[in-house]
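Here is the structure we will look at.
The values are calculated or read from the model by the stated rules, or taken from the named source; none is laboratory data. Since the structure is predicted, the reported quantities are computational estimates derived from the model, not experimental observations. Virtual Cβ from ideal backbone geometry, glycine too; neighbours counted across all protein chains shown. Protein only, heavy atoms only, side chains kept; ligands, DNA and RNA dropped before computing areas. Shrake-Rupley method; radii C 1.70, N 1.55, O 1.52, S 1.80 Å.
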Amino acid sequence: MASVHESLYFNPMMTNGVVHANVFGIKDWVTPYKISVLVLLSEMTKNTKMSLVDKRRLNKQILPLLQGPDMSLAKLIKIIDEGCPNVASSLQIRIKLMAEGELKDMELFFDDLADSFTGPEPEVHKTSVVGLFIRHMILAYNKLSFSQVYKLYTSLQNYYQCEKKKTVSKADSDEAEMELTNSEDDDEEEEGKMEKEDLEFPIGEEELACNGPLSQKQAEYFLSQQASLLKNDESKAFTPVLLQKELNNLLKFNPDFAEAHYLSYLNSLRVQDVFSSTHSLLHYFDRLILTGAESKSNGDEGYGRSLRYAALNLAALHCRFGHYHQAELALQEAIRIAQEASDHVCLQHCLSWLYILKQRKGADSSVFLEHSVKRAIHFNLPYLVSLGIQSLVQQRAFAGKNTNRLMEALKDSDLLHWKHSLSELIDISTAQKTAIWRMYGQSTMALQQAQMLLSMNSLDTVNVGVQQNNTESFAVVLCHLAELHAEQGYFSSASEILKHLKDRFPPNSQHAKLWMLFDQKIQFDRAMNDGKYHIAESLVTGITALNSVEGLYRKATVLKSQNQTVEAHKILQVLLTHCQKVKNTEMVIRVLLCLAELYWRSSCHSVALPVLLQALALSREYQLQYMASETMLNLAFSQLMLGIPAQALNILHMAIEPILAHGAVLDKGRAMLLVAKCQVASAVSYIPQKKTEALESAILNLNEAKNYFAMVDCKEQIRDILYLQARLFNSLGNIQERNKCAMLFRQLHQELPSHGVSLIRL
């Protein structure tokens, strides 16, 4: 017995000019758009002068036109015109004759369609995709009553008249635009064209949307296409509002369509709508059980399987929104049902989510993770095995475990990916390698991994016109690439990468927060380098909204630069306690270095030494090579201020190599400036000849440091270097170079706010 919703769905009715055929067993009906497609197929079979290239172009468009949603006549003609202009003009003429003629013209057209299957060599084979479509349309048309045929013909006339009105209005607007552009300059003309294009694109999306119900094949094609776009290329999917409108239209005519509820759930996640996403997810599993879809494919276990996976998905939903208590309750329910049914696969998924839940709550979850990997290997679940290994590598990288073993584990997981063709996990693994190399301070290796992922994904086509390079891993790699370029002073290149990210991941997409944070951080660093602390202070709010820990650290950095030492020290102490609690080692080291700098500003260089030694011990324990080198530079500066420049110079020779090889341009400049200062301070006790050589070497190092600072526009550091160079040239008796440096120093000193310059006696 058919369900109530099914009988309502297939009853003959008229909605927005769409006639439904009461055909049991055939989930299709005749619309003006499908009549246009039938005319197109008729023209393709009768047109003998069509070239082979044109036929191939049109054949590529046939399946999307048959399965896609109804569109306007103008849109259809535009698509056909790109492949074969002659067929497009013939189609337009035949639709015009049919719409402006009489009802018998449409009757005659459907009568002639049956002739396509007659003869010893028919034009269309009955069992082909096109043949089945034509047969369905003929059968649906023959089942219509006379009143329904008349309504269909009226809707066809309206369908053509809408296209005709758009053509006339477009011609009028073109004439008006021609008159306006005669009196305007070229820039205004380009701006007007862009505004016109912006207005046309949303109209095109609306034309793709069908106001009436879709057939089963159209609905399945629409849902699969949008789900694929949401996963791989969200920028090309419908906007959240338009997609929800289409889904509501689908569910209005078939409330038991479970897949539509699930896509509605994914769409609600895009805009972080807790209520709608929960509502759609529950309705999906309710419909899945009511329709018996699970029981048909999974035997008697279908009902229970739906229940336990419903609880598991609900737990994942609550975990995503930070509702950890509700997520734990739902997860316990899923585990209980799965244990009763002895579903080891579901239990393995539950164990993976239990690890994620414990990690989000800040508890030690390493035991769960190790057990999850072992059980996934036992039950031969390669996807969960790979995710578990990568999570284990990430956790142990943060814990400072052996680097060689971590990279070997990632290599083994890559072999698993290639063996089982898990292309998505290959991308995730490469992105994770990029992040791990960045954490260790190996910028060259991070750049290599980033370029590898970009090159590999450019050839991985998922669907027609869609590349699998709009996933989260792709966004992570591009963000790291932008930051690497900014660190080397290539701000224009970093801006281009961020612009590319904004195009691929619009602000309303789920991965937009990644590039937003990196964009704010790069702008903050540029403002701090340029001494514009008021701009940097305004950017702190945006960084805090995206990452509270990073925002708090940046706020302390601004306060420190503004000489608000007490306020900065309070914030850093709070941040240090929090990071030690959550075991954020990298941020702990950065906070300790910032605290040491605060002690320097208070002339407490001896107090800064224990803090720096603690940071150095953490850096070496967790194998953060770059952070260790940076800490040693700070130790060398403290020793310089304490009056032991020779020892500081020895430390610098040990630490400067990683800085110059993998460091940011700003850190390279600071390192070379510190080397020059140590050389000058050590030269006080040298004999005259050796002292002259040391001062000349210091001048060369200062020139190199000045070039580095110029790349990132650090004018304050350049001013300090010019001051020191002028003093050195004066000691060497080079009056001309001294005067040149003094003049440049005066220009920068008048431009920048004045502050005390650290003097070194020569």
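At-a-glance table
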read-out: Tabulated pairs, the range 363-386, first open to solvent by less than 60 Å² (accessible area, probe 1.4 Å), second not in a helix (DSSP H, G or I), C-beta under 9 angstrom, 6+ apart or interchain; value: Ser366/Ala399; Pro382/Leu422; Ser386/Leu422
read-out: Test: Asp111 is charged (D, E, K, R), crowded, with 19+ Cβ neighbours inside 10 Å and either assigned to a loop (DSSP other than H, G, I, E, B) or more than 47 Å from the chain's Cα centre (by Cα) (or both); value: no
read-out: Meets criteria (in contact with a Leu (Cβ under 6 Å, 6 or more places away or on another chain) and either open to solvent by 10 Å² or more (accessible area, probe 1.4 Å) or modelled with pLDDT of 75 or more (or both)) for Lys236; value: yes
read-out: Flag if Glu704 is open to solvent by 40 Å² or more (accessible area, probe 1.4 Å) and either within 23 Å of Arg438 (Cβ to Cβ) or in contact with a Cys (Cβ under 6 Å, 6 or more places away or on another chain) (or both); value: no
read-out: Qualifying residues in the range 263-278 (those that are in contact with a Pro (Cβ under 7 Å, 6 or more places away or on another chain) and in a helix (DSSP H, G or I)) - the one surrounded by the most Cβ atoms within 10 Å (Cβ to Cβ); value: Asn267
read-out: Qualifying position, being hydrophobic (A, V, I, L, M, F, W, C) and in a loop (DSSP other than H, G, I, E, B), among Ala363, Ala446, Ala376; value: Ala363
read-out: Sole residue being assigned to a helix (DSSP H, G or I), crowded, with 18+ Cβ neighbours inside 10 Å, without any contact (Cβ under 8 Å) to a residue 60 or more places away in the chain and out of contact with any Lys or Arg (no Cβ under 9 Å at 6 or more places or on another chain), chosen from Leu572, Leu501, Leu539; value: Leu501
read-out: Close pairs from the range 688-707: first over 14 Å from Arg719 (Cα atoms), partner of a type in the set (Val, Ile, Thr), Cβ under 7 Å, at least 6 apart; value: Leu695/Val680; Ala698/Val680; Asn701/Val675
read-out: Only one of Lys49, Lys60, Lys75, Lys104 that is open to solvent by less than 70 Å² (accessible area, probe 1.4 Å) and of a type outside the set (Phe, Trp, Tyr); value: Lys75
read-out: Boolean, Leu329 is more than 13 Å from Arg305 (Cα to Cα) and open to solvent by 60 Å² or more (accessible area, probe 1.4 Å); value: yes
read-out: Subset tally (residues that are of a type in the set (Asp, Glu) and either assigned to a helix (DSSP H, G or I) or touching a strand residue (DSSP E or B) at 6+ places or on another chain (Cβ under 7 Å) (or both)) for the range 698-715; value: 1
